[in-house]
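One structure below.
The values are calculated or read from the model by the stated rules, or taken from the named source; none is laboratory data. A quick note: this is a predicted structure, and the numbers were derived from the prediction, not measured. Here the Cβ positions follow ideal geometry from the backbone for every residue, glycine too, while neighbour counts run over all protein chains shown.
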């Protein structure tokens, strides 16, 4: 295994820690913001992406599934950003601006691609200006920035 790691460039070896830290931070901050904004039932809303309206009648298992799915998405977002930095070196160098724009991209992908393709039982959109503003700011500041900052600080 050491021989395999030795063959990888230095920057690719140290990618796991930024992914874990960025995904954990972004997922935690976003979940706290969702609990504050939408209440404790938001986790069942997340689980409804897989289970449909049945999720809202589920118990603690469904609630936990929603939390797990939420963190899975956060870790996937962090993984995509960190792996992209192998080819797009400016993601690490200009972490602040790139993190803000990455948060916008995550918001748009979640709301315009993932949610419409999921089993969520309610229609997505139309967006209100206040909801759009809040969603964009939340994704920029507590998803995009923690992911980009973790890459900047924790990658080798």
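Residues in the stretch 91-103 that are surrounded by fewer than 17 Cβ atoms within 10 Å (Cβ to Cβ) and closer than 23 Å to residue 137 by Cβ: 94, 96, 97, 101. When each of 120, 114 is tested for being under 18 Å from residue 50 (Cβ atoms) and either modelled with pLDDT of 95 or more or touching a helix residue (DSSP H, G or I) at 6+ places or on another chain (Cβ under 7 Å) (or both), the lone residue that passes is 120. Determine whether the stretch 84-104 contains at least one residue that is out of contact with any strand residue (DSSP E or B) (no Cβ under 7 Å at 6 or more places or on another chain), assigned to a helix (DSSP H, G or I), over 14 Å from residue 146 (Cα atoms) and in contact (Cβ under 8 Å) with a residue 24 or more places away in the chain. No; the residues of the stretch 84-104 include none that is out of contact with any strand residue (DSSP E or B) (no Cβ under 7 Å at 6 or more places or on another chain), assigned to a helix (DSSP H, G or I), over 14 Å from residue 146 (Cα atoms) and in contact (Cβ under 8 Å) with a residue 24 or more places away in the chain. The numbered conditions (1) over 23 Å from residue 19 (Cα atoms); (2) in a helix (DSSP H, G or I); (3) touching a helix residue (DSSP H, G or I) at 6+ places or on another chain (Cβ under 8 Å) are all true for residue 65 except (1). The conditions of being in a helix (DSSP H, G or I), modelled with pLDDT of 95 or more and under 21 Å from residue 110 (Cβ atoms) are not met by residue 45. Please work out if residue 53 is out of contact with any helix residue (DSSP H, G or I) (no Cβ under 9 Å at 6 or more places or on another chain) and in a helix (DSSP H, G or I). Criteria met by residue 53.
Answer yes or no: is there a residue in the stretch 61-77 that is touching a residue at least 60 places away in the same chain (Cβ under 8 Å) and loosely packed, with under 15 Cβ neighbours inside 10 Å. No: the stretch 61-77 contains no residue that is touching a residue at least 60 places away in the same chain (Cβ under 8 Å) and loosely packed, with under 15 Cβ neighbours inside 10 Å.
Within the stretch 15-35, identify whether any single residue is at pLDDT 90 or above, on the phi > 0 side of the Ramachandran plot and assigned to a helix (DSSP H, G or I), and answer yes or no. For the stretch 15-35, residues at pLDDT 90 or above, on the phi > 0 side of the Ramachandran plot and assigned to a helix (DSSP H, G or I): absent.
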